[in-house]
1. Return the sequence-ordered ³J(HN,Hα) values of the stretch 140-150 in whole Hz as given by the Karplus equation 6.51 cos²θ - 1.76 cosθ + 1.60 applied to θ = phi - 60°, using x for Gly and Pro.
2. Treat each spin label as a single point 7 Å out from the Cα along the C-beta direction, and report the residue 42 to residue 132 distance in nm.
3. Please work out the FRET efficiency for the pair residue 184 and residue 25, using the Cβ-Cβ distance as r and a Förster radius of 35 Å; give the result to the nearest 0.05.
4. Find how much the distance from residue 169 to residue 154 grows on full extension, using 0.36 nm per residue of separation minus their present alpha carbon separation; answer in nm with one decimal.
5. Through the Karplus equation 6.51 cos²θ - 1.76 cosθ + 1.60, θ set to phi - 60°, convert the phi angles of the stretch 173-179 into ³J(HN,Hα) values in whole Hz; use x for Gly and Pro.
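Computed from the coordinates by the stated procedures, all read-outs in this text should not be read as laboratory data. Note that the structure is a prediction, hence the values are computed from the model and not measured. Counting neighbours? That spans all protein chains shown, and the Cβs are built from the backbone with ideal geometry, glycine included.
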Amino acid sequence: MISVIADGRWGRRIVDFWRERVQNQVITWGARTPAFAAELANDMQNVRVATYADAIGAHSVIVVAIPIQDLLPWARAHAASLKGKVIVDMSFPLTNECLTLYGWHTSGTEQLQKTLPASRVVGMKGPFLRALAGGWHGDRGSIYVTSDDDDAKTQALKLLCGSDDQLIDAGKLEENRAIDRISSMG
Ligand SMILES: NC(=O)c1ccc[n+]([C@@H]2O[C@H](COP(=O)([O-])OP(=O)(O)OC[C@H]3O[C@@H](n4cnc5c(N)ncnc54)[C@H](OP(=O)(O)O)[C@@H]3O)[C@@H](O)[C@H]2O)c1
């Protein structure tokens with residue numbers, strides 16, 4: 001199934017997002033301090049807490065929820081074990097600083113793919129997902145799925161195929177430049 005990396009505010013919401021959708025499968029939740037994450041996951045039936053290294057090893061699809069400025073160094077450090085994996089980036093720039101971190105001619109998701117050339121990065125985003133930042137769990141909406149690797153994108157789309165979400169194949173990673181900006185306004 002999938003591993004989710006990091007147990008910060010966004011990581012917790014991402015785990016909830018996936019728990020609602022894959023109720024019969026186990027999610028591995030990788031944390032820098034597994035004991036703390038284990039407390040958070042105490043009443044979660046289908047979540048197993050692990051170290052980052054164990055979580056990466058557990059599944060072929062890895063969802064990352066580390067702030068972008070820390071994510072790229074983290075990805076560099078774990079590049080060997082992330083080789084061949086599908087890396088799902090659901091992060092959004094939350095501030096003007098994040099939006100301009102890499103200038104207007106790229107996106108964090110593209111930078112993640114450049115940092116991990118032997119992995120296959122998939123962007124999974126949209127205003128509906130961005131609303132989760134405020135703890136919103138209302139009606140489902142559009143999720144824009146992007147990748148430079150068609151097979152990785154198909155795998156990511158399949159993960160959500162039983163859900164009520166409106167899944168949109170939004171093309172290549174480059175589209176995240178627009179998707180991030182539109183989502184940030186949502
Ligand atoms: N907060 C939201 O609701 C929200 C909404 C939309 C998007 N996002 C995006 O999600 C990302 C994470 O934001 P957040 O709010 O969850 O931040 P956060 O609460 O500060 O959590 C950051 C998480 O990343 C881990 N981390 C940070 N630096 C690390 C490093 N160098 N190596 C390994 N792990 C590291 C932290 O581990 P430790 O706890 O061990 O330090 C923590 O689990 C950002 O890109 C943000 O734009 C967040």
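1. Residue by residue, the stretch 140-150 yields 7, x, 7, 10, 8, 10, 10, 5, 8, 10, 5 Hz.
2. Distance between label points: 2.4 nm.
3. Working: r = 31 Å, r/R0 = 0.89.
Here the calculated transfer efficiency is 0.65.
4. On the way: separation 15, 0.36 × 15 = 5.40 nm, distance 0.91 nm.
Additional length available on full extension: 4.5 nm.
5. Taking θ as phi minus 60°, the curve returns 4, 3, 5, 5, 4, 7, 4 Hz for the stretch 173-179.
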